[in-house]
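Peer 1: Structure below; questions to follow.
The values are calculated or read from the model by the stated rules, or taken from the named source; none is laboratory data. What you see is a predicted model; the values in this text were computed from it and never measured. Here the Cβ positions follow ideal geometry from the backbone for every residue, glycine too, while neighbour counts run over all protein chains shown. Heads up: the accessible areas ignore ligands, DNA and RNA and are worked out on the full protein's heavy atoms, side chains in. Shrake-Rupley method; radii C 1.70, N 1.55, O 1.52, S 1.80 Å.
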Number of protein chains: 2
Amino acid sequence: MQHIHKKINSELNPNVSVDCVIFGFDLEQLTVLLIDRGEISSAFGPRMALPGNLIYDNENLDMAANRVLDELTGLNNIYLEQVGAFGDPDRIHKESDREWLKSIRAEPEARVITVAYFTLVPMQQYKPQASSFAKNADWVPVNEIKELAFDHFEILQAAKEKLKQKIKIQPIGFNLLPEKFTLSQLHRLYESILDKPLDKRNFRRKIQKLDILSSLREKQRGVPHKPSLLYEFNEEKYQELTQTGFDNFGF
Amino acid sequence: MQHIHKKINSELNPNVSVDCVIFGFDLEQLTVLLIDRGEISSAFGPRMALPGNLIYDNENLDMAANRVLDELTGLNNIYLEQVGAFGDPDRIHKESDREWLKSIRAEPEARVITVAYFTLVPMQQYKPQASSFAKNADWVPVNEIKELAFDHFEILQAAKEKLKQKIKIQPIGFNLLPEKFTLSQLHRLYESILDKPLDKRNFRRKIQKLDILSSLREKQRGVPHKPSLLYEFNEEKYQELTQTGFDNFGF
DNA sequence: TTGGATAGTGTAAAATTGACACAAAGCTAT
DNA sequence: ATAGCTTTGTGTCAATTTTACACTATCCAA
């Protein structure tokens, strides 16, 4: 059986997969793009799972992660970072898991190592693809996720932690925002990633001092309150900053 | 041929290996335990490599890393942390690499993903084992390593960086020191991990303020200068510290 | 025009950082 | 025993950073 499988999908490596924690930000809270595995699986375990797939023998890990992301969202050239490798021998044990894996052409008997990635996508640009995957894809607020299929909940926790650490060192949060954004939105973003409240004035002072934002002479429109000034992230100024050995945002 | 291999070592997974960056500290500088692959390989590429091996199908990744470490040093219950997964399709390309892999029963043709770990061992307790591996193992100062076999140099860089980040958040450096140590030794350790000089008085002030060291009423003996007081790491006090949401040593 | 909602702003006290130099203690060689 | 070498151990001051905290301005909608 292993043999048959290998012949049919000779390019797929049956032992290694990638899973992606695709983060988004709806301007209110941090969200993750999850796959709904449908009714069939729900009797045995959580329906929702991280998007992922086996890797091909002719691609490296980063390429595989980008492929999964592209197939699902149509986005490429996206911020992407490895979280780590996961895999117990008994990682896959539920009947429902086996069924599900068969349906995506994975090898249900084999022991699978999965390499997890997290990516940051600007939700505004997200266009669901027509793949069978994407039809069942949903953004779910991180805080509402209590369980996931396989070991995906564990992977999600690790990804959140990695993101939290990373944002203290690099301003990667801008990848989650539209090109033009307000300081309040940035503030909310940091609060939801760091999972703690930040004083408004202190936050603004700290961000402004970094001098990596360009203020636009443009205001929000159509909001039922005082409109905010819009800003954009200034890549060049950030480069200058890092060239001076900067690696700590102090949050 | 793949078939034969699988039969002989049916427990080995031919696609996944672990490599360990085993850090030590000789009280002067940070070192790494490397394997000398011998004359045979030296004509084609670097002789030195990270210790590693394929994983068995019935162990998880952490267990495999611990096994490699134990086989080599006889140490277990050692601080161990995953660095990440590495693996391009063309990761193994040199003739010498293939020969070497055959000699350790690995599958030279297969595409191999390797999961890298770093570990911190107290060099004082290190006793080389009688394995064929350990006979050719050597501690090499990190700064003197300019190249390694396969993609191990890249892995080493990633491990150093991870260690650097981690020590800013947790006081894991104590795993590299003997039970009793001096502040100067701790100082040197931090300097070699962070790879930059730290002011002596400021360093001592900062460390002491954390209040995670127990001062012993005991002095160094046999040194040709003013003997230093000895300290030990206080696990309980560190636990208290972390319970208050502490996660930043500010280096 | 009024009310509701969020944007935007400053200051003072406390804590932390960074820069800096010299006396004390033990060993060694004479 | 003494002189000299080496490393330990210590304090202060200025500059910077952090924290805590409250009111006015602006726009929309009713």
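Peer 1: For residue B:196, which of the numbered conditions (1) part of a helix (DSSP H, G or I); (2) surrounded by fewer than 18 Cβ atoms within 10 Å (Cβ to Cβ) fails to hold?
Peer 2: Among (1) part of a helix (DSSP H, G or I); (2) surrounded by fewer than 18 Cβ atoms within 10 Å (Cβ to Cβ), residue B:196 violates only (1).
Peer 1: In addition: Being of a type in the set (A, V, I, L, M), touching a helix residue (DSSP H, G or I) at 6+ places or on another chain (Cβ under 6 Å) and under 18 Å from residue A:247 (Cα atoms) narrows it down to one residue among A:207, A:212; which is it?
Peer 2: A:212
Peer 1: Quick check on the range B:48-68: of everything there that is touching a Gly at 6+ places or on another chain (Cβ under 8 Å) and within 14 Å of chain A (Cβ to nearest Cβ), which residue is least open to solvent (accessible area, probe 1.4 Å)?
Peer 2: B:61
Peer 1: Still on this structure, I have one more. Any idea which residue in the range B:233-251 is least open to solvent (accessible area, probe 1.4 Å), counting only those that are free of Cβ contacts under 8 Å to residues at least 24 places away in the same chain and under 16 Å from residue B:179 (Cβ atoms)?
Peer 2: In this case the residue turns out to be B:234.
Peer 1: Here's another thing I want to ask about it. Name the pairs whose Cβ atoms lie under 9 Å apart, with the first residue in the range A:207-232 and within 8 Å of DNA strand D (Cβ to nearest atom), the second among the hydroxyl-bearing types (Ser, Thr, Tyr), and 6 or more positions between them or separate chains?
Peer 2: A:219/A:228; A:227/A:182
This table checks each residue for (1) more than 10 Å from DNA strand C (Cβ to nearest atom); (2) away from every other protein chain (no Cβ under 14 Å); (3) in a loop (DSSP other than H, G, I, E, B); (4) open to solvent by less than 60 Å² (accessible area, probe 1.4 Å).
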residue	(1), (2), (3), (4)
A:161	yes, no, no, no
A:165	yes, no, no, yes
A:169	yes, no, yes, yes
A:173	yes, yes, no, yes
A:187	no, yes, no, yes
A:201	no, yes, no, no
A:205	no, yes, no, no
A:209	yes, yes, no, no
A:214	yes, yes, no, yes
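Peer 1: Go through (1) modelled with pLDDT of 90 or more; (2) surrounded by fewer than 18 Cβ atoms within 10 Å (Cβ to Cβ) one by one and return the number of the condition residue B:42 breaks.
Peer 2: Condition (1) is where residue B:42 drops out.
Peer 1: Further, regarding this structure: Among the residues of the range B:154-168, is there at least one that is at pLDDT 95 or above and at positive phi?
Peer 2: Among the residues of the range B:154-168, not one is at pLDDT 95 or above and at positive phi, which makes the answer no.
Peer 1: Which condition number in (1) at the interface with chain B (Cβ under 10 Å from one of its Cβ atoms); (2) at pLDDT 95 or above is the one that residue A:80 fails?
Peer 2: Of (1) at the interface with chain B (Cβ under 10 Å from one of its Cβ atoms); (2) at pLDDT 95 or above, only one is false for residue A:80: (1).
Peer 1: Identify all residues within the range A:185-206 that are among the polar types (S, T, N, Q) and within 12 Å of DNA strand D (Cβ to nearest atom); write none if there are none.
Peer 2: Passing the criteria: only A:202.
Peer 1: To continue, here is another question. Given the condition away from chain A (no Cβ under 14 Å) and either at pLDDT 95 or above or in a loop (DSSP other than H, G, I, E, B) (or both), answer yes or no: does some residue in the range B:83-95 qualify?
Peer 2: yes
Peer 1: What are the residues in the range B:216-236 that are more than 7 Å from DNA strand C (Cβ to nearest atom) and not in a helix (DSSP H, G or I), if any?
Peer 2: Matches in the range B:216-236: B:216, B:217, B:218, B:220, B:228, B:229, B:230, B:231, B:232, B:233, B:234.
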